[in-house]
Amino acid sequence: MSPAAEFTYPQVAGDHALDLVDTVHWRFSETKLIDTLRSYGHVVDWCEQMGLLSPHDCAALRRSAAHEPDVAAHEHRAIQEMREAIFAAVFEQSETAAELLSTEYAGAIASARLEREADSPDNRWEWRLGLTLATPRARIALLAADLLTGDLSTARQCADDACGWVYLDTSPRHNRVWCTAAGCGNRNRVARHQSRQRSAR
Ligand SMILES: [Zn+2]
């Protein structure tokens, strides 16, 4: 992680496209909502923390963004839109959102090349995206397409009223209701306990 990163981004979703959705905290609260992806620099921090881009590539992108702030700002907005489209496509079955993601996917593939993975034990080929300010957007578009065309039957929203974090429930009994047991799980348990005590008085 870049030592200068402002946020430590959550990785609780089990899928990086959904981890991107979770860069919005308290999605369902007008007063508490926090967007931690506020700039192109934050997007680069996120990609680095998720392991989507190397620290070396991230440093290069930060330098490019400083030279081309308008392009960086455009990319940042496009990624925020993609993030909201991922949420809407997965949890609201929005066709408009899927349309946007499909356009982004087509753009990403147009900029990509298949290259042999060096030292791949299974002779795999890999989509290589080059490195421009548009690379994070292309990388995210590929992730979103993988998510949408995969099994979404385990996609869940945290049961907290305001949290809005999302995840794939891969628990053995498919009974995960909280984004994190220590965060929303614990807070809601405490709140339920207190309200029971109040009503018992
Ligand atoms: Zn939560």
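The values are calculated or read from the model by the stated rules, or taken from the named source; none is laboratory data. From a predicted model like this one, the values you see are computed outputs, not experimental measurements. As a convention, Cβ positions derive from the backbone with ideal geometry for all residues, glycine included, and neighbour counts pool all protein chains shown. All accessible areas refer to the heavy atoms of the entire protein, side chains included, with ligands and DNA or RNA removed. Shrake-Rupley method; radii C 1.70, N 1.55, O 1.52, S 1.80 Å.
Look at the stretch 108-141 and say how many of its residues are polar (S, T, N, Q) and either more than 25 Å from residue 21 (Cα to Cα) or open to solvent by 90 Å² or more (accessible area, probe 1.4 Å) (or both).
2
Within the stretch 109-201, which strands (runs of 3 or more DSSP E) (wholly inside it) include 3 or more residues that are within 16 Å of the ligand (Cβ to nearest atom)?
155-157, 166-168
From the list 129, 133, exactly one residue is in contact (Cβ under 8 Å) with a residue 40 or more places away in the chain and at negative phi. Which is it?
133
Return only the number of the condition from (1) open to solvent by less than 80 Å² (accessible area, probe 1.4 Å); (2) out of contact with any Lys or Arg (no Cβ under 6 Å at 6 or more places or on another chain); (3) of a type in the set (A, V, I, L, M, F, W, C) that residue 78 does not satisfy.
(2)
Scan the stretch 154-176 for residues that are under 19 Å from the mean Cα position of the chain (by Cα), open to solvent by 70 Å² or more (accessible area, probe 1.4 Å) and either modelled with pLDDT under 95 or of a type in the set (Val, Ile, Thr) (or both) and jot them down.
Within the stretch 154-176, 170 is the sole residue that qualifies.
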